[in-house]
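Each remark here refers to the structure printed beneath this line.
The numbers here are math on the coordinates, done by the rules we state, and not lab data. Please read these numbers as outputs of a predicted model, since none were measured by experiment. In this analysis, Cβ positions are derived from the backbone assuming ideal geometry, glycine residues included, and neighbour counts consider all displayed protein chains.
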Amino acid sequence: MKYMDLIVKPSLKSFYKKRYISGTISWYHHPQFHDNIYLTIEWLLRRIRSDGFSSEFSIGPGVSRTFLAGTTYEVNDNGTVSIDHKAGYYYAMITAGGGFGYDFSMKKKIPVLMYTRFNMITMFPYNSTIYFRPVLELGIKYSPRKAKALVKKT
Amino acid sequence: MRIASLIILLLFLSSCQKETITISEKASDVFYVENAGASMRVLVEGNTASNTFILLIHGGPGASSYVYNTSYISRNLENNCAMVYWDQRNAGASQGGSNGTYLHLDQMIDDLKKVIEVLKYRYGQNMSLFLLGHSFGGLVAADFITRPEGQSMIKGLINADGSHNYPLNDTLTRQMLLNTGLSEVPKSKKTAKWEKIIQYCLQHTGNFSIEESQQLETYGMKAETYIKSVKKINLVGTVLDHTITDKSPLTSILVNLLYSEDSNFNKELAVSNFSGSLYKVTIPVLCLWGKYDFICPVELGEDFYNKISSADKKMVISPISGHNLILQDEKLFCDEVNAFVLKYR
């Protein structure tokens, strides 16, 4: 959801500054450790220069569910062993990150933004402390609305 | 569409929990044992077909088993038996939620017992199982084998630079730092560093607080690096070198270590002492010690060796090792352990 869009002109350079609130579902796989699916709601600030290059910053809360990467056993007091098929944990999360990209709609009539973003995700309470993990995100954003607008202009 | 993808992914992840048990000369199985708020990672690597298993109880608390899984041990020990690398709760790749209240010695003994029960469930009740305790792992092992059911579950114990008595440990560390310091000052190039240690030992003479105990350990770690004949190792480098092959979760290893190092658990450990109950130990025991181990000095090993009642016991001292004989004198370690398990399995 975009909630602000404005043009700023400091000195001679112009750029768009866009602020969004976005919902994202992500997943990573760490062999022998866990798989993690997480849902985040992020506040995102993106600046797009007139030559198409962009930079962005995002931060937001989320929730995560891990799935352990291996058979998980439980042993009861009688010594009976059983398998927990849904082994894993729910964690609260905060993510923050920044990155850069290129908006092809600024120079050519292609409604696509390519970007790369370095995120730091933190999960808690992980063993009564905070787990952090750096994540590199590569993305392509296609805007159907922008595509329509570009078609109308031509 | 997104929801459908999510459901497919969840079904796929649930199916990842399929049980695989490998009986071969080159097994590598990872599984988890869940107990009291913690899911503890266990890696079984090596010759599971031999039916001989060595369960490593790593140091710490809060260190991990990753550091012990070297290529030398893989080539020279895991060909004869299977090594079981267990990450204790709040350590290494072990995971959980808000579980700090369970971090105490009794719980760790219960964890160990359950890990053994799962091993026997997976690989057979008649397996030959040995415990290998290093440093803090030596305390867990000492607690376990002095309990009634402990010795009946294993064939023998390997105690490598382990601590079974923390108050005595601190006294012996101080004494060794002081004596070695005084003899090293005239001949060592590290005079200033030794003098600092000597000063500290002269000012802190006994009834050590937890801070003093931790400071003595820090000096102990540094002191062995001042001795020329001790083989230098880089523990952090060892973990980093194997990051890709071992698929190590580095940040988990780090946050678990930091949490456990600062936890209240250390207050309980500071007064833990099993010297008085070691007479109950009758199973075969192999003690391996570094001559220059300041953290758990040789005299601590001798206290352990002299107090157990085992008829089959042996103590070997490595002249090139400090506190990490397993990594500093890998040949001696593998030769002695191979001979020990071959004899008593």
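Quick notes on this structure:
- For segment B:72-224, the equivalent ellipsoid derived from the Cα gyration tensor has semi-axes of 37, 19, 15 Å, listed largest first.
- Over segment B:115-177, the pair-distance histogram of Cα-Cα distances with 10 Å bins from zero comes to 21, 43, 24, 10, 3 percent, rounded to whole numbers.
- Global geometry of segment B:257-323, whether rounded, prolate or oblate, following the gyration tensor of its Cα atoms and the 1.5 cut on a/c: oblate
- Taking GluC sites (Glu not before Pro) in DSSP loop conformation with at most 14 other Cβ atoms inside 10 Å as exposed sites, chain B has its longest uninterrupted site-free stretch at B:150-345.
- Comparing mean-square fluctuations of A:V63, A:V135, A:V75 from a GNM of chain A with C-alpha springs under 10 Å, the top value falls on A:V75.
- Ordering of A:91-102, B:90-101 by packing is B:90-101, A:91-102, highest average first (other Cβ atoms within 10 Å, averaged per residue).
- Rg over Rh [alpha-carbon atoms, Kirkwood Rh] for segment A:12-148: 1.15
- Compactness of chain B as Cα Rg over 2.2 N^0.38 Å, two decimals: 1.01
- Here the convex hull built on the C-alpha positions of segment B:136-285 has a volume of 166 cubic angstrom per residue.
- Segment A:43-82: mean projected area of Cα convex hull, nm²: 5.5
- Residue mean of other protein chain beta carbons inside 10 Å, B:246-258: 4
- Residues whose amide H comes within less than 5 Å of that of B:G156, counting only those at least five positions distant or on another chain, are B:L131 (H built at 1.01 Å from N in the peptide plane).
- Applied to segment A:131-137, the Karplus parametrisation 6.51 cos²θ - 1.76 cosθ + 1.60 on θ = phi - 60° returns per-residue 3J(HN,Hα) values of 9, 10, 8, x, 9, 9, 10 Hz, with x for Gly and Pro.
- Gaussian network model of chain B, springs between alpha carbon atoms under 10 Å - residue of B:Q215, B:Q151, B:Q203 with greatest fluctuation: B:Q203
- Label zone (B:T218, point 7 Å along Cα-to-C-beta; backbone nitrogen cut-off 20 Å) within segment B:63-89: B:63.
- With coordinates expressed along the principal axes, the C-alpha atoms belonging to the protein assembly as shown extend over 93, 57, 38 Å, beginning with the largest.
- The mean count of C-beta atoms from other chains within 10 Å of the C-beta of residues in A:73-86, rounded to a whole number, is 5.
- For B:V30, net neighbour charge (Lys/Arg +1, Asp/Glu -1) across residues whose Cβ lies under 13 Å away: -1
- If you take the Cα centroid of segment A:46-114 and the Cα centroid of segment B:43-114, the two points sit 30 Å apart.
- Derived scalar couplings between HN and Hα for segment B:323-337 equal 7, 10, 3, 3, 9, 7, 10, 4, 5, 4, 4, 5, 4, 5, 5 Hz in order, rounded to whole Hz, by the Karplus curve 6.51 cos²θ - 1.76 cosθ + 1.60 (θ = phi - 60°), x for Gly and Pro.
- Shielding of A:129-139 by partner chains, average beta-carbon count, 10 Å: 3
- Checking the cross-link pairs B:K26/B:K291; B:K190/B:K291; B:K187/B:K231; A:K18/A:K107 against a 25 Å limit on the alpha carbon distance flags B:K26/B:K291 as lying beyond it.
- Chain A: most fluctuating residue of A:I130, A:I121, A:I59 per GNM, C-alpha cutoff 10 Å: A:I130
- Structural size metrics of segment B:182-256, computed from C-alpha coordinates, are Rg and Dmax of 16.8, 47 Å.
- Look at the Cα gyration tensor of segment A:48-111: its axes a ≥ b ≥ c give a/c of at least 1.5 with a/b over b/c, and that counts as prolate.
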